Amino acid sequence: MSKPFQFKQFNVQQDQCAMKIGTDSVLLGAWTPLDTNPFSVLDIGAGTGVLSLMLAQRSHAQVIDALEIDEQAYEQCVDNFETSPWADRLFCYHADLAEFAEEIEDKYDLIISNPPFYSEDYKTDNTQRDLARFTDALPFDHLLESVSQLLSEDGVFTVIIPFKEEANFIKLASGVNLFPNNILRVKGSDTSEIKRSLLAFSFRESDIKTETLVIEIERHQYTQDYINLTQDFYLKM
């Protein structure tokens, strides 16, 4: 059994999940704008539930729902919610996104997702990990269509994707009237290329606030920007 991942205010068991906790989730959970003061949150493709837990710590949202299709990941997510300080605000559904979007009449003020995205890489022999990592399981157009159905009129949708997918994702989003308001582009070091894009969308068009985050000055020496963003969560920050 792998050790739980310890954050400052909660622990996350991850031995049943194909996708372990990584920088992507922590960045998205820490960066997601909360200035709209959301009452209800939906985490699509929750995995361990780490994004929901981070938002429970950061916000006053009364309803934080998570959605996970993989049986083992779902069970782990439920366990992580139940042992957290915010168990009364967290709930995980074991469901497919398209069916969930059709059946749920509620709208969410904030939707967050760290979707699977290794569409062009070779698949491995580990089906569970492939399901977590490959866009076949949750194509971007399906994700966006469901988000547009589930998001409240003034709601915000945040997502992390490979930088090379950014332009395509924004184009797909505009097809369901979702427009980028904030973009954070992430690179490992000053000299490395941009790897990830964190995007915040809403139904209103605006000037796009675009920033770049560099994670490390050198190996294991983190930039002040990265420390400022993640220090409420990581034990060693």
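The values are calculated or read from the model by the stated rules, or taken from the named source; none is laboratory data. This is a predicted model, so every value here is computed, not measured. Here the Cβ positions follow ideal geometry from the backbone for every residue, glycine too, while neighbour counts run over all protein chains shown. Only protein heavy atoms, including side chains, enter the accessible area calculation; ligands, DNA and RNA are left aside. Shrake-Rupley method; radii C 1.70, N 1.55, O 1.52, S 1.80 Å.
Mind listing just one residue for me: the one in segment 1-12 that is of a type outside the set (Phe, Trp, Tyr) and touching a helix residue (DSSP H, G or I) at 6+ places or on another chain (Cβ under 6 Å) and, of those, surrounded by the fewest Cβ atoms within 10 Å (Cβ to Cβ)?
Applying the filter and picking the extreme gives Gln9.
Just one of the numbered conditions (1) within 23 Å of Glu99 (Cβ to Cβ); (2) open to solvent by 10 Å² or more (accessible area, probe 1.4 Å) is not true of Leu178; which one?
Of the numbered conditions (1) within 23 Å of Glu99 (Cβ to Cβ); (2) open to solvent by 10 Å² or more (accessible area, probe 1.4 Å), the odd one out for Leu178 is (2).
Of the residues that make up segment 214-227, is at least one at pLDDT below 95, out of contact with any Ser or Thr (no Cβ under 7 Å at 6 or more places or on another chain) and on the phi > 0 side of the Ramachandran plot?
Yes, the conditions are met somewhere in segment 214-227.
Kindly provide the set of residues from segment 191-237 that are within 19 Å of the chain's Cα centre (by Cα) and charged (D, E, K, R), ordered by number.
Across segment 191-237, the qualifying residues are Lys195, Arg196, Glu211, Asp232.
Which residue pairs have Cβ atoms under 9 Å apart, sit 6 or more places apart or on different chains, and have a first residue in segment 17-28 that is over 12 Å from Ala46 (Cβ atoms) and of a type in the set (A, V, I, L, M) and a second that is modelled with pLDDT under 85 and in a helix (DSSP H, G or I)?
These pairs meet every condition: Ala18/Thr127; Ala18/Gln128; Ala18/Arg129; Ala18/Asp130; Ala18/Leu131; Ala18/Ala132; Ala18/Arg133.
Pick from Asp70, Asp79: which is in contact with a helix residue (DSSP H, G or I) (Cβ under 8 Å, 6 or more places away or on another chain) and either open to solvent by 20 Å² or more (accessible area, probe 1.4 Å) or polar (S, T, N, Q) (or both)?
Criteria check complete, one pass: Asp70.
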